[in-house]
Amino acid sequence: MIISGQLGVELWAGEAVIALKRAYPHIRLAIITPFLQHESNWNDKNKEYYQSIVSQADFVQSVSNKPYISPMQFKNRDQFLLNKTDGMLIFYDEEKEGSPQYIWNNAKKYAENHKYEVLQISFYDVQQIIEEAVYEHNNE
């Protein structure tokens, strides 16, 4: 699994992969950041969390070997991920646009001309899972 080390769902996914390694030791976690020290402006708690994931990853590298210079480093990271993976699972809600919209749109465009699978989990999907779990719990 490859993540780019962003706070939120990506680091949580990294944490989940690390936990899964106990049962599935063949799973590997790579963190490919857009540039060096991408976490430098985070607060200490978030930096510590990030470092705990990085310290357990199998591979850590930055696409750019320089600190932040321009938004082009994010575009380069996205293109690198598209070129080096067979597919993408993205947690993204199209109704609440945010920075994931760029890789989401690029992945859909990339998939039009390449053998590339793009799977989306939306907030609606998560809500459905929660509702099903609550229903099952209440009917036990």
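Taken together, the values in this text are just the output of simple stated rules run on the coordinates, not laboratory data. As the structure is a computational prediction, the values presented were derived from the model and not from experiment. No Cβ is skipped: glycine too gets one built from the backbone with ideal geometry, and neighbour counts run over all protein chains shown.
For segment 28-135, the ratio of Cα radius of gyration to the globular rule of thumb 2.2 N^0.38 Å stands at 1.23. Charge dipole (Cα centre; +1 on Lys/Arg Cβ, -1 on Asp/Glu Cβ; no other charges) of segment 1-85 amounts to roughly 200 debye.
Please identify every one of the chymotrypsin sites (Phe, Trp or Tyr not before Pro) in segment 25-62 that sits in a loop by DSSP and has no more than 16 other beta carbons within 10 Å of its own beta carbon.
W42
Under the simplified labelling scheme, the D44-A23 pair shows an inter-label distance of 3.7 nm, with each label point 7 Å from Cα along Cα→Cβ. For GluC sites (Glu not before Pro), the sites in segment 67-119 that DSSP calls loop and that have at most 16 other Cβ atoms within 10 Å are E94, E95, E97. For segment 1-85, the equivalent ellipsoid derived from the alpha-carbon gyration tensor has semi-axes of 22, 16, 9 Å in decreasing order. Angle check, please: helix 9-20 long axis (alpha carbons) against the longest principal axis of the chain (alpha carbons), in degrees 0 to 90, nearest 10. Roughly 70 degrees, rounded to the nearest 10. Quick check: the angle from helix 123-138's long axis to the longest principal axis of the chain, C-alpha only, nearest 10 degrees? Around 30 degrees separate the two axes. The V60 and I90 beta-carbon pair, evaluated with R₀ = 25 Å, returns a calculated FRET efficiency of approximately 0.75. For segment 90-140, the spread of Cα positions along the three principal axes, ordered from largest to smallest, is 47, 25, 11 Å. Between M72 and W12, the modelled labels are 3.5 nm apart [label points 7 Å from Cα along Cα→Cβ].
Here segment 60-140 is assigned +1 on the Cβ of each Lys and Arg and -1 on the Cβ of each Asp and Glu. Its dipole about the Cα centre then comes out at about 900 debye.
For segment 24-98, applying the loop criterion from DSSP together with a ceiling of 11 other beta carbons within 10 Å to the trypsin sites (Lys or Arg not before Pro) yields K96. Treating the angle as unsigned and between 0 and 90°, give the value, to the nearest 10°, between the Cα long axis of helix 72-84 and the longest Cα principal axis of the chain. Helix 72-84 sits at roughly 60 degrees to that axis.
Multiplying the residue separation of L36 and E131 by 0.36 nm and removing their Cα-Cα distance gives an extension gain of 30.1 nm.
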